[in-house]
Amino acid sequence: MRRERLKKMAVWKFASCDGCQLSLLDCEDELLTLAGKIKIAHFIEASRAVMRGPYDLSLVEGSITTPDDAERIKEVRRESRTLITIGACATSGGIQALRNFADVREFTSIVYARPEYIHTLAQSTGIADHVKVDFELRGCPINKRQLLEVILAFLKGRRPNIASESVCVECKARGNICIAVAKGVACMGPVTQAGCGAICPAYDRGCYGCFGPKEHANVNSLRADWSEQKGLSPLAMERLFHTFHAWAEPFRQAGLAAKQDLTPEIQRIEAECE
């Protein structure tokens, strides 16, 4: 009987905190059941042993922030039959994309004694801004059960069954009282994709948007509710939208709109200080 060829999987890191790779390592027991199907050929976080490509499946964590990153991801794409991005950094630029709203040259001049040695792109962007991506798995960090579903779907040649509803659905499934309605908490749940299990609302904290914007997220309606019903300031709104997925639409535009609303207030304060 002919033995089935093992699929070669590679895991790649770009600018990130490694949290999503650690989520994969947390799957050690589950991955043992896949040992007869998958060979981990490249995973520097876990092993120095490296097999040459091409790879059947590549999981990519991290954003593209340097010219070297921009070239390396093209090589990864060429070596990968299927490329899946994992986590906020790889899908939308991550926390480091906050620099996209400012001048990175100003940052480097303040932080580094010799900023001329720093070679960085003006923006931190997701992988899909540079190469073709076959599937994006959201989260900061990703949900390990969703990651296993993605890997299993790849092995079966089907589309991953990943939830696309909002965190509010997960809240209802857990039997949580809606903290936005009952306690007046500013919560990102209505516009955030499910995947975390509504952890923060379960502990009376508003959702932080770790899994990024859900499909057709109505951010304008949420901003209106925050302003009219909860008295939230434009600065607070900007900070809520510009976090883990600050560069993802429509969070990016919602944060910029809040910042624009804040401009007259800033000008007033500056005038009073003169």
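Can you tell me the orientation of helix 251-273 relative to the chain, as the angle in degrees between its alpha-carbon axis and the longest Cα principal axis, to the nearest 10?
Approximately 30 degrees, to the nearest ten.
On a straight-distance basis, which aspartates and glutamates could pair with residue 37 in a cross-link, Cα separation under 12 angstrom, same-chain partners fewer than 8 positions away excluded?
Within reach: 4, 56.
Could you work out the pair-distance distribution P(r) of region 197-242 from its alpha-carbon pairs, with 10 angstrom bin width and percents rounded to whole numbers?
Computed distribution, short to long bins: 23, 53, 24.
Please give the per residue volume of the convex hull enclosing the alpha carbon atoms of region 40-101, rounded to a whole number of Å³.
Dividing the Cα hull volume of region 40-101 by its residues yields 95 Å³.
Could you please state, rounded to a whole Å, how far the C-alpha centre of region 242-265 is from the C-alpha centre of region 181-234?
14
Given region 7-156, what percent of its DSSP beta bridges are antiparallel, to the nearest 5?
Around 15 percent of the beta bridges assigned by DSSP in region 7-156 are antiparallel ones.
Which three numbers, in whole Å and largest first, are the semi-axes of the equivalent ellipsoid of the chain derived from its Cα gyration tensor as √(5λ)?
On the way: eigenvalues 266, 135, 36 Å².
Ellipsoid half-lengths, sorted descending, are 36, 26, 13 Å.
Enumerate the whole-percent occupancy of each 5 Å bin, from 0 to the last occupied one, for all C-alpha pair distances of region 1-43.
6, 18, 25, 24, 13, 8, 3, 2, 1
For region 112-204, run through the trypsin sites (Lys or Arg not before Pro) and keep only the ones in DSSP coil with at most 14 other Cβ atoms within 10 Å of their Cβ.
Qualifying residues, ordered by number: 132, 158, 183.
Take region 157-226, drop everything but the C-alpha atoms, weight them equally and run the Debye formula without solvent; then report log10 I(q)/I(0) at 0.13, 0.21, 0.22 Å⁻¹ to two decimals.
-0.34, -0.82, -0.89
Please find the FRET efficiency linking residue 110 to residue 239, where r is the Cβ-Cβ separation and R0 is fixed at 25 Å, and quote it to the nearest 0.05.
Details: r = 21 Å, r/R0 = 0.85.
The pair residue 110/residue 239 has a calculated efficiency of 0.75.
Specify the angular offset, from 0 to 90 degrees and rounded to the nearest 10, of the alpha carbon long axis of helix 144-156 from the longest principal axis of the alpha carbons in the chain.
Result, in degrees: 40.
Show me the ranking of peptides 65-78, 26-39, 117-130 by mean Cβ neighbours inside 10 Å, starting with the highest.
117-130, 65-78, 26-39
Across the Cα atoms of region 7-156, what radius of gyration and what greatest pairwise Cα-Cα distance (Dmax) are found, in Å?
Cα radius of gyration and Dmax of region 7-156 are 16.1, 52 Å respectively.
Let's see if you can work this out: charge +1 on each Lys and Arg Cβ, -1 on each Asp and Glu Cβ, no other charges. What is the dipole magnitude of the chain about its Cα centre, in debye to the nearest 20?
1460
When DSSP beta bridges are limited to those with both residues in the chain, what percentage is antiparallel, rounded to the nearest 5?
Given both bridge residues lie in the chain, the antiparallel proportion sits at roughly 20 percent.
May I ask which of 39/214; 132/259; 8/74; 39/74; 8/172; 144/214 have a Cα-Cα span longer than 29 Å here?
39/214; 132/259; 8/172
Report, in deg cm²/dmol and to the nearest 500, the calculated mean residue ellipticity at 222 nm for the chain, where each DSSP H run with n ≥ 4 adds -39500 (n - 2.57) and the sum is divided by the residue count.
Taken over the chain, the calculation gives -11000 deg cm²/dmol.
Can you divide the C-alpha Rg of region 167-273 by 2.2 N^0.38 Å and report the result to two decimal places?
1.11
Which chymotrypsin sites (Phe, Trp or Tyr not before Pro) in region 202-259 pass both tests, a DSSP loop state and at most 11 other beta-carbon atoms within 10 Å?
Within region 202-259, the qualifying chymotrypsin sites (Phe, Trp or Tyr not before Pro) (loop, at most 11 other Cβ atoms within 10 Å) are 203.
Computed from the coordinates by the stated procedures, all read-outs in this text should not be read as laboratory data. Quick caveat, the model's predicted, so the values are computed rather than measured. Because the Cβ atoms are built from the backbone with ideal geometry, glycine has one as well, and the counts that use them run over all protein chains shown.
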